[in-house]
1. Residue by residue through region 231-256, note down the ones that are surrounded by fewer than 24 Cβ atoms within 10 Å (Cβ to Cβ) and within 19 Å of Asn12 (Cα to Cα).
2. Which of the residues that make up region 516-547 are under 18 Å from Ala415 (Cα atoms) and either of a type in the set (A, V, I, L, M) or outside the structural domain of Asn470 (by TED's automatic domain parsing) (or both)?
3. Name the pairs whose Cβ atoms lie under 6 Å apart, with the first residue in region 357-378 and touching a residue at least 24 places away in the same chain (Cβ under 8 Å), the second small (Gly, Ala, Ser) and part of a loop (DSSP other than H, G, I, E, B), and 6 or more positions between them or separate chains?
4. Where residues in region 459-497 are surrounded by fewer than 16 Cβ atoms within 10 Å (Cβ to Cβ) and among the polar types (S, T, N, Q), which of them is nearest to Leu354 (Cα to Cα)?
5. What are the residues in region 217-243 that are part of a helix (DSSP H, G or I) and either outside the structural domain of Ala129 (by TED's automatic domain parsing) or closer than 19 Å to Leu293 by Cα (or both), if any?
6. Determine which single condition Phe158 fails, assuming it passes every other condition in (1) surrounded by fewer than 18 Cβ atoms within 10 Å (Cβ to Cβ); (2) touching a Phe, Trp or Tyr at 6+ places or on another chain (Cβ under 9 Å).
7. Of the residues that make up region 479-487, is at least one under 27 Å from the mean Cα position of the chain (by Cα) and either of a type in the set (Ser, Thr, Tyr) or at pLDDT below 90 (or both)?
8. Take Ile174 and decide whether it is assigned to a helix (DSSP H, G or I), aliphatic (A, V, I, L, M), at pLDDT 85 or above and surrounded by 12 or more Cβ atoms within 10 Å (Cβ to Cβ).
Amino acid sequence: MTLDNLLLQMLNGLASASTLFLLASGLSLIFGVSRIVNFAHGSLYMAGIYLAYSIITAFGTGGIAFWAGILVAALAVAALGVFIEVVVLRRIYHAPELIQLLATFAVALIIRDIALYFWGPEEISGPRAPGLTGGVTIFGQLFPVYSLLMIAAGPVVFAGLWLLLRRTRWGILIRAATQDRHMVAALGVNQVWLFTSVFALGAFLAGLAGALQIHNEAASLEMDLRASVDAFVVVVVGGLGSVPGAYLAALIIAEARALCTFLGTVEIFGFRISFADLTLVVDFAIMAAVLVLRPYGLLGKRESTSHDAHIAPTPLNKARRSQRALGVVVLALVALSPLLSSAYPYLPTLSIELLIAALFAGSLYFILGPGGMVSFGHAAFFGLAAYGAGIASTNLGLPVGLAMVVGVVVAMLAAIVFGWFSVRLSGVYMAMLTLALAQLAWSIVFQWDDFTGGSNGLVGIWPPEWLGNNVAFFYFALVIVVASMYAMRRMLFSGFGYSLRAARDSSLRSDAIGINVKRVQWVAFVLAGAFCGIAGTVFVFSKGSISPNSLQMAWSLDGLIMILLGGAQAWLGPIVGSTVFTVLKDSLARESIYWGGMLGVTILVLIQLMPTGIVGVVQKVFVKRSVQ
């Protein structure tokens with residue numbers, strides 16, 4: 001390791017920072033003006049590189065044709081962004097923030113399957129930029145010429161955005177809407193077209209970032225989620241809605257990654273530390289540190305949360321006698337479902353998956369609905385509990401019951417740490433902090449080969465013989481899940497549950513009457529982690545294995561989708577939503593390789609027809625009938 005090598009890595013970091021900034025600046029503009037949490041932003045980045053590949057290979061790879069193809073691809077992505085904004089997002093600007101997130105996630109599923117249809121599942125390497133394939137000697141080593149171009153691209157785009165936002169009337173309106181969009185509307189500004197134009201610019205920047213990467217990166221279907229997460233990390237670290245903050249955050253994160261690559265493996269006090277492996281999570285570590293020390297990002301400002309940004313606080317009502325009777329009937333039918341296993345052999349396995357999904361979604365709803373707390377890292381408790389139970393069973397030889405207790409304790413300990421930091425934040429910042437902490441936990445599991453099995457995970461985690469068949473394990477899971485769901489519901493109607501809902505509805509009034517808001521939310525976070533851990537322990541013994549994927553964000557997003565599909569204002573919401581989502585996902589995956597797009601379309605249709613979820617619509621129908 002020499003100083004020349006370090007400086008060369010720092011130059012690589014500058015090139016990477018430009019790409020991160022191009023990607024994140026568009027997301028920052030979109031959120032700053034419209035407050036849309038656009039989870040499809042990474043899909044626009046992916047579309048940019050795929051379109052650039054097709055356009056350039058179709059019209060030639062010469063100098064003018066190559067750069068024209070890059071520009072046309074970015075403009076095509078901008079047009080795609082306008083289409084998404086007009087057809088999908090314009091209808092839900094006043095919907096709760098999580099409904100918007102669900103809609104953009106559905107759009108991401110559709111775009112991915114469109115890419116699968118046109119370009120196939122394999123990675124595609126595009127042409128190199130003509131005249132920029134060589135290198136120049138810097139610090140005694142060859143440095144790619146194209147990377148020098150990317151280093152310049154970031155400051156140029158930043159300067160252009162600065163001039164646009166400071167020197168044009170449109171830019172002034174954007175900055176005004178970022179500060180107070182309701183006041184801008186009161187002054188007579190056409191908010192609809194302002195939102196559309198900003199979304200087009202944000203999509204253009206994402207498409208440009210993707211198209212420019214055609215020289216360095218192969219196009220693949222997995223890059224959309226990765227790009228979305230990278231963009232969110234940069235925007236949150238810099239401060240939501242702050243373009244200078246996005247540029248500063250991109251520089252810090254890219255240079256931190258470059259530094260980890262430079263350090264490689266270092267021995268400190270006899271311990272070998274692989275900094276190269278830390279490149280997987282260094283950005284999440286930075287985000288966690290920034291949010292703990294400066295909750296609204298490096299250059300962000302504290303904002304007043306509008307009422308429509310969250311799920312409407314609807315009171316939970318105790319079940320009527322008729323509802324309890326219906327619940328008993330449904331539970332009896334579920335308990336009798338294994339009798340159909342001879343005709344439908346897969347039914348017990350699917351039923352177990354439904355029970356696990358219901359408990360997972362129910363534990364997330366425990367903090368989301370009554371608590372008003374959003375978590376993108378809830379799957380960490382699920383995965384850590386599964387690993388804890390699996391290791392206790394295989395390495396320590398503990399029986400199933402004790403192994404499950406160990407797993408739940410591991411999940412609770414993680415929830416204690418996560419919750420202590422997370423409850424100090426709210427909204428998107430809280431959600432991103434939970435994601436950062438979950439990714440740090442994933443990194444430990446992924447890299448601790450001797451203890452967790454690393455990327456291969458753990459296998460051979462089977463229950464005893466008396467639980468060896470699916471029917472027996474179904475009844476075992478049914479008892480655990482029903483008892484857990486009942487316990488959570490009883491807690492919500494206890495003094496603690498009423499305090500939790502009071503803290504959600506008005507933290508200031510709750511403080512005034514003596515409720516320790518942060519403590520109540522922290523306890524709720526720990527309880528939710530424990531019940532999620534129970535779901536994880538049931539899962540590991542039902543599957544016989546566990547992998548690091550169980551801790552990732554995708555599973556947490558699935559939980560949010562389950563809740564929103566079922567209805568976030570009712571306790572039955574996560575149960576109904578998890579059932580519908582799991583059955584839909586399972587049946588569509590069996591029918592077509594394009595099941596993700598089909599699921600995305602289904603989600604969009606349900607959002608339009610049932611904005612309050614399936615249970616919410618049913619409740620409205622019964623209320624109307626009772627009034628009549």
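1. Leu248, Leu251, Ile252, Glu255, Ala256
2. Val517, Val520, Val523, Ala524, Val526, Leu527, Ala528, Ala530, Ile534, Ala535
3. Final answer for the pair search is Gly369/Ala568.
4. Among those residues, the one meeting the criterion is Asn469.
5. Phe232, Val233, Val234, Val235, Val236, Val237, Gly238
6. Failed condition: (1).
7. There is at least one residue in region 479-487 that is under 27 Å from the mean Cα position of the chain (by Cα) and either of a type in the set (Ser, Thr, Tyr) or at pLDDT below 90 (or both).
8. Against the criterion (assigned to a helix (DSSP H, G or I), aliphatic (A, V, I, L, M), at pLDDT 85 or above and surrounded by 12 or more Cβ atoms within 10 Å (Cβ to Cβ)), Ile174 does not qualify.
The values are calculated or read from the model by the stated rules, or taken from the named source; none is laboratory data. Note that the coordinates shown come from a computational prediction; the quantities given were computed from them, not determined experimentally. Methodologically, a virtual Cβ is constructed for each residue, glycine included, from the backbone with ideal geometry; neighbour enumeration extends over all protein chains shown.
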